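Quick notes on the structure that follows.
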Amino acid sequence: MPRFADLPLLIAAAALGCASSPPNASDSTTASDPSPHAGHASHQRPADTTQSFAMMQSRGAIGMGVDQYTSTHTFESRADGGRITLIRDREDSAGVDAIRAHLRSIAAAFAAGDFATPAFVHADSVPGTPVMTARRARIRYDVAPIERGGELLITTSDSTALEAIHRFLAYQRREHRSDPTSESRAPAEPGVPARDDAARAPPGRPSTFPAVGAAMASAESLP
């Protein structure tokens, strides 16, 4: 995973091509024409032409270590928390290793109340994270390998933390357009503020986003 000190240079490079079409099939690890899953039907995601989504995909590739157009990201809300999965859409041992390392890294960061990676990927503060930071002692994060990737299980018995986790996951589903039944731009879910694409903060290091600092400063205190 790249160091945050290197991110400004990486972002500048990524931004040059973010408005163009996704990588073509001649690329190696980052090709956009995935081979069929073992045991899954072959599928090709429709190209997205909005610049903000392409920029998020570029930042996601930097933050997670794998191409977002040839990976599948899911965010499942559960009664006791949630489940995040990230898998490669084809056989890719290096990509799978990168995914598992990424999930271990963010599990440790989230447990410490550090949500800089999702803030970087989305170029904004992420709903739910201030409360998840404040109540981090009441939330558990567990990583496990799955076929062609990994999963992050988030669990809690605290009702306030649970609501925050569900807001966090709902936002991720909407922004990553990971709900297969949704339109290319899914509507906002309850408790998740809708944002105009043009209003997004420009790419940069997470610590440079004023909204992130403001959100963390306003985190709810434990009762």
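Being among the β-branched types (V, I, T), open to solvent by less than 30 Å² (accessible area, probe 1.4 Å) and touching a strand residue (DSSP E or B) at 6+ places or on another chain (Cβ under 8 Å) holds for only one residue in T156, T133, and it is T156.
Scanning the range 109-130 for residues that are outside any helix (DSSP H, G or I), open to solvent by 20 Å² or more (accessible area, probe 1.4 Å) and either of a type in the set (S, T, Y) or at pLDDT below 95 (or both) turns up D124, S125. Of the numbered criteria (1) open to solvent by less than 70 Å² (accessible area, probe 1.4 Å); (2) at pLDDT below 50, the one T181 fails is (1).
If you go through the range 85-102 and keep only what is under 18 Å from S178 (Cα atoms), under 14 Å from the mean Cα position of the chain (by Cα) and surrounded by fewer than 23 Cβ atoms within 10 Å (Cβ to Cβ), you end up with T85, I87. Residue count for the range 54-84 under the criterion of being touching a Cys at 6+ places or on another chain (Cβ under 6 Å), open to solvent by 10 Å² or more (accessible area, probe 1.4 Å) and of a type in the set (A, V, I, L, M): the result is 1. Among the residues examined, E163 qualifies as more than 15 Å from the chain's Cα centre (by Cα), open to solvent by 30 Å² or more (accessible area, probe 1.4 Å), at pLDDT 95 or above and over 18 Å from S58 (Cα atoms).
The values are calculated or read from the model by the stated rules, or taken from the named source; none is laboratory data. Everything numeric here is computed off the predicted structure, so don't read it as measured data. Because the Cβ atoms are built from the backbone with ideal geometry, glycine has one as well, and the counts that use them run over all protein chains shown. Please note that ligands, DNA and RNA were not included when accessible areas were found on the heavy atoms of the full protein model with its side chains. Shrake-Rupley method; radii C 1.70, N 1.55, O 1.52, S 1.80 Å.
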